[in-house]
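Remarks on the structure that follows.
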Amino acid sequence: MRLEDRYVTLLINCLTRTGFGEPQPEAKLGDDLDAETKAKIDEHLRAHDLVVVRDVHADPSVREEGRDWPPPGEAETMIGLVRARHLAECVEQVVADDVPGDLLEAGVWRGGSCILMRGVLEAFGDTDRCVWVADSFEGLPKPDAQRYPADEGDDLWTFEELAISLEQVQANFARYGLLDDRVRFLKGWFEDTLPTAPVERLSLLRVDGDLYSSTTQALESLYPKLSPGGWCIVDDYGAVPACRAAVDDFRYERGVDEPIEQIDWTGVAWRRR
């Protein structure tokens, strides 16, 4: 295995907290929450085929498939090993093929996917591209059912566990030695920041917005900047029907006919012609 591949594999294992040997105590998401809030989180995750209580060492497939929300202080990403490996391969591919443009994730949580993208650039000697980190850093927006009926009733905006501060994400980058001037942050709601984002061209766009609104806003603002040969990756296509509807509607309306590749149970991607 090449040294570059060894580094990327180690980075993925660290970001997902897998492969560390000794079992860790079983943890619950939000142990400091009241019973009503815990029950709400439990109900939501199970509705999306996710888990609340997990022991990744007892059942490695949970973390490999990205089916849990890692508790506070553990793991910088919830995408799991399969999506993480695919993301790393896509970044390596656009570097090898010299596809022009930066990399951007819209919806970053603790920043793990963006840290991985920056790490892969570092491993393969790319000194030109930037990684854009776009998020409200306040959680998800409250659904606007009048404009986006598919989001009606979604309660993700009430989940404080999804509101990770800009400072915490920056600290996570720094933990891996990857916080520098090639990591650029776009703070705010997508509808406010993405249409005017100072991003000229993209070689990779990763959308992790959950909602119909957030997914649509990211695609409408950023997909036109994606270079031919660049990758568009959508995280919630399989898990969240509203996200899937947003992607399908966008592709139909814009005449996007590149085949969709299934990454795992929820993630999809396609390479722009």
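Just the residues that are in a helix (DSSP H, G or I) and either basic (Lys, Arg) or at positive phi (or both), please, taken from region 161-180. ARG175 - this is the single residue of region 161-180 that is in a helix (DSSP H, G or I) and either basic (Lys, Arg) or at positive phi (or both). Applying the criterion of at least 3 residues that are closer than 18 Å to VAL199 by Cβ to the helices (runs of 4 or more DSSP H) found wholly in region 51-160 leaves 80-96, 112-123. No other residue among LEU226, LEU219 is modelled with pLDDT of 95 or more, of a type in the set (A, V, I, L, M) and either touching a helix residue (DSSP H, G or I) at 6+ places or on another chain (Cβ under 6 Å) or not assigned by TED's automatic domain parsing to the domain that holds GLU92 (or both) apart from LEU219. Given the criteria surrounded by 13 or more Cβ atoms within 10 Å (Cβ to Cβ) and over 20 Å from VAL247 (Cβ atoms), does TYR212 qualify? Answer is no for this residue.
Tell me whether region 163-185 contains one or more residues that are closer than 25 Å to ASP249 by Cβ and either crowded, with 16+ Cβ neighbours inside 10 Å or at pLDDT below 95 (or both). No - not one qualifying residue is present in region 163-185.
For (1) at pLDDT 75 or above; (2) surrounded by fewer than 15 Cβ atoms within 10 Å (Cβ to Cβ), each residue gets a yes or a no:
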position: ASP49; (1), (2): no, yes
position: LEU81; (1), (2): yes, no
position: THR127; (1), (2): yes, yes
position: CYS130; (1), (2): yes, no
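Would you confirm, using the coordinates I've provided, whether SER213 is of a type in the set (Ser, Thr, Tyr) and in a strand (DSSP E or B)? No: the conditions fail for SER213.
Considering only residues in region 181-202 that are free of Cβ contacts under 8 Å to residues at least 12 places away in the same chain and in a loop (DSSP other than H, G, I, E, B), the one that is nearest to ILE115 (Cα to Cα) turns out to be ASP181.
The values are calculated or read from the model by the stated rules, or taken from the named source; none is laboratory data. Fair warning: this is a prediction, and the values are worked out from it, not measured in the lab. Cβ atoms come from the backbone with ideal geometry, glycine included; neighbour counts cover every protein chain shown.
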